[in-house]
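Structure first, commentary second.
Bear in mind that the values in this text are calculations on the coordinates, not laboratory data. Note that the coordinates shown come from a computational prediction; the quantities given were computed from them, not determined experimentally. FYI the Cβ positions are ideal-geometry reconstructions off the backbone, even for glycines, and counts take in every protein chain you see.
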Amino acid sequence: MWYSAAPVKRSTAPLFVFDSHCDVALAMLDQGVDIGRKQRRTHFDLHRAQAGGIGAQFFALFADPTEVRGAGAWRRTRALLAAVERAAAAHPQRLSLVRTASAIQRQRAEGRLAGLLGMEGAHGFGTRSSDLLLSRLAWLAKQGLRYLGLTWNNSNVLAGAAVDGGGGLTSLGRRVVRECHRLGILVDISHSSDATVRDVLSCSKKPIIASHSNARALCDVPRNLPDDLLRAIGRRGGVVSINFFPGFLSKRVADALEVRYSLWAPGVERLAERYKDDLEQRRRAQVRLIRRSIRGVPRATLAQVVDHVSHVARVAGIHAVGLGADFDGMLLTPDGLADASAYPALARALSRKFSAREVQGIMGENLLRVVAEVE
Ligand SMILES: [Zn+2]
């Protein structure tokens with residue numbers, strides 16, 4: 001795919017991308033991927049991040065609840081954290097883990113990628129005990145955690161998820177939202193139910209983020225946000241980061257995937273049974289099965305990412321749009337946005353609709369502002 005690391009326009013500052021969601025830590029931990037080397041297996045590595053103008057990147061800590069639960073989920077969360085820390089230790093000239101906006105600016109001045117930590121789903125704490133959960137949250141805050149995604153696709157002890165018919169925040173959920181803000185951790189409502197988002201907005205005055213979510217008005221799936229919630233997040237000074245997953249960009253793609261999900265689900269169950277003692281084999285067989293079944297799914301495009309950016313800008317405000325590509329968390333990517341090196345192409349497309357300053361906001365400055373506000 002063609003790309004250029006050149007600035008968007010000669011007259012503007014070099015591109016600064018701050019992306020709020022990447023799942024490459026899974027590949028680092030499970031497949032021993034070294035992001036310091038050019039990779040073929042992942043969407044993200046430090047080489048392509050630099051070509052893409054990425055100055056700051058949130059790495060997601062995601063314990064898949066279909067694989068691990070309870071103590072196993074907490075072990076997995078810590079192992080993912082350790083994998084990101086090892087990468088920073090192995091490449092100190094290129095990647096530095098930070099937690100503050102000022103530290104991001106320092107790394108930016110020195111041309112180093114600022115890495116930040118986000119957690120995807122409170123099931124990753126691996127406990128239903130409120131005391132234990134709060135102490136694990138405090139421990140992760142000390143390790144540098146900067147956002148907590150309340151749920152993944154599964155409702156949990158804190159909140160209801162978007163896709164499993166869950167309700168809103170529980171009383172522990174309300175407590176954790178307040179505790180996150182006290183500890184300087186952003187609350188991330190991507191994957192959460194509409195009721196959860198409303199509850200979070202009503203129990204806190206601080207800005208919140210959706211680290212990787214799109215506009216439901218353009219692609220009607222539960223994972224995307226309706227206009228009233230986009231507006232409310234924008235009014236509160238928060239940011240909605242646009243996800244590149246084709247199934248959240250285009251309803252046509254979402255419908256085609258929906259048909260295939262129902263076809264591959266029994267196969268996935270059979271693989272879980274066959275490889276119940278070998279998680280790595282199971283994952284590989286599962287990826288092969290899904291890759292086979294998504295052949296022929298219609299393509300989404302970079303232009304559709306621009307459409308979601310434009311919609312969120314119109315409804316929530318230009319200050320409320322960001323990017324959270326979800327690289328390495330999806331098997332399909334849109335045409336024109338194949339990997340972490342593709343952001344300059346997106347910036348060029350956005351510059352046809354928005355001013356240079358607005359493009360800078362969308363690409364990273366808006367998210368940086370919110371990170372600075374909740375510290
Ligand atoms: Zn996700």
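All of (1) surrounded by fewer than 17 Cβ atoms within 10 Å (Cβ to Cβ); (2) part of a helix (DSSP H, G or I); (3) within 15 Å of the ligand (Cβ to nearest atom) hold for Pro222 with one exception: (2). Taken over segment 10-52, the residue count meeting the criterion of being more than 19 Å from Ala342 (Cβ to Cβ) and out of contact with any Ser or Thr (no Cβ under 9 Å at 6 or more places or on another chain) is 11. Taking residues in segment 324-347 that are under 9 Å from Phe245 (Cα atoms) and in a loop (DSSP other than H, G, I, E, B), and partners anywhere that are among the acidic types (Asp, Glu) and within 15 Å of the ligand (Cβ to nearest atom), the pairs with Cβ atoms closer than 8 Å and at least 6 places apart or on different chains are Ala325/Asp19; Asp326/Asp23; Gly329/Asp23. Being over 15 Å from Ala303 (Cα atoms) and within 20 Å of the chain's Cα centre (by Cα) is a condition met by no residue of segment 343-356. Close Cβ contacts (under 6 Å, 6 or more residues apart or on different chains) running from residues in segment 41-60 that are touching a residue at least 12 places away in the same chain (Cβ under 8 Å) to residues that are within 16 Å of the ligand (Cβ to nearest atom) and of a type in the set (Ser, Thr, Tyr) comprise Phe58/Ser20.
Of Arg299, Arg295, Arg288, all but one fail to be at negative phi and in a helix (DSSP H, G or I); the exception is Arg288. Given the condition part of a helix (DSSP H, G or I) and within 30 Å of Ser241 (Cβ to Cβ), answer yes or no: does some residue in segment 271-278 qualify? Within segment 271-278, not a single residue is part of a helix (DSSP H, G or I) and within 30 Å of Ser241 (Cβ to Cβ). When restricted to residues that are within 18 Å of Ala63 (Cα to Cα) and either aliphatic (A, V, I, L, M) or not in a loop (DSSP other than H, G, I, E, B) (or both), segment 142-161 contains 11.
Suppose the filter is assigned to a helix (DSSP H, G or I), away from the ligand (no atom under 16 Å from the Cβ) and surrounded by 24 or more Cβ atoms within 10 Å (Cβ to Cβ); does Val176 pass it?
On the way: assigned to a helix (DSSP H, G or I): yes; away from the ligand (no atom under 16 Å from the Cβ): yes; surrounded by 24 or more Cβ atoms within 10 Å (Cβ to Cβ): yes.
Judged against the criteria, Val176 is a match.
Kindly provide the set of residues from segment 21-70 that are buried (at least 21 other Cβ atoms within 10 Å of the Cβ), within 16 Å of the ligand (Cβ to nearest atom) and among the aliphatic types (A, V, I, L, M), ordered by number. Within segment 21-70, Val24, Ala25, Leu26, Ala60, Leu61, Ala63 meet the criteria.
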